[in-house]
Amino acid sequence: MMATSVEELAKTVKTGARVKASDPIYGDVLDFLIDEAALLDDDRHAEWLDCVTDDIIYRMPIRKTLYRRDGAGFDERSNHWLDSRRSLALRVQRARDVPSAWDRDPAPRIRRLVTNLVVHETDTPGEYAATTYLLLLRNRFEAPGYDTLTAKREDLIRRGSNGALKLARRLVLLDQAALGAVYINVFM
């Protein structure tokens, strides 16, 4: 079974050597993450779902405000999301097919800016740990401003037998302690 605590997931991310930005693997991972963000920004959720593995763990624990001495600041027992491939598929179906999904119609305008990519090799050939920062901007209706979320993401990206990269694990560590209801079905 894969690790699911914040500490276990973060620990497994950096088990191998850092991949330099000049390495073609780094470019492949960067292209994958840019393409993934574009699919989500363009509301192409079904295509995005094809970019995740069958055994994916997609987790966003709830942020807690703690003194440093009291822990990392995440609730190990509670999550905004702890998704598998099946639950991600249900979320995609809801976003695409449910006409009464109030948060999806009219569609929000969302932009994901993925930055500060650091890639590490892992103990498994063809698997890469990627750490990124995410700035997510969301606008809807005629609002003059944006809702904003920021997060650190710890991803495990796996190269399949066909050579394509797929997302095998995502840990989203929000900077905000409170997550508004408008984000309940937004993929990070």
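Bear in mind these aren't lab numbers, they're just calculated from the coordinates by the rules spelled out. Just so we're clear, the structure is a prediction, and the values are computed from it rather than from any experiment. When we count neighbours, we look across all protein chains shown, and the Cβ atoms used for this are built from the backbone with ideal geometry, even at glycine.
Each peptide in 128-139, 61-72, 79-90 gets a packing score, the mean of other Cβ atoms within 10 Å over its residues, and the list from highest to lowest is 128-139, 79-90, 61-72. Taking 0.36 nm per residue of separation and subtracting the Cα-Cα distance, full extension of the segment from LYS64 to ARG85 would add 4.9 nm.
Give the shape of the range 11-69 as rounded, prolate or oblate, defined through the alpha-carbon gyration tensor: a ≥ b ≥ c are the square roots of its eigenvalues, a/c under 1.5 means rounded, and otherwise the shape is prolate if a/b is larger than b/c and oblate if not. Taking the square roots of the gyration eigenvalues as a ≥ b ≥ c, the range 11-69 is oblate.
For the range 137-181, just say rounded, prolate or oblate: build the C-alpha gyration tensor, square-root its eigenvalues into a ≥ b ≥ c, call rounded for a/c under 1.5, and beyond that prolate if a/b exceeds b/c, oblate if not. Write out the running numbers ahead of the final one.
Details: a/c = 4.47, a/b = 2.05, b/c = 2.18.
It comes out oblate by the Cα gyration axes.
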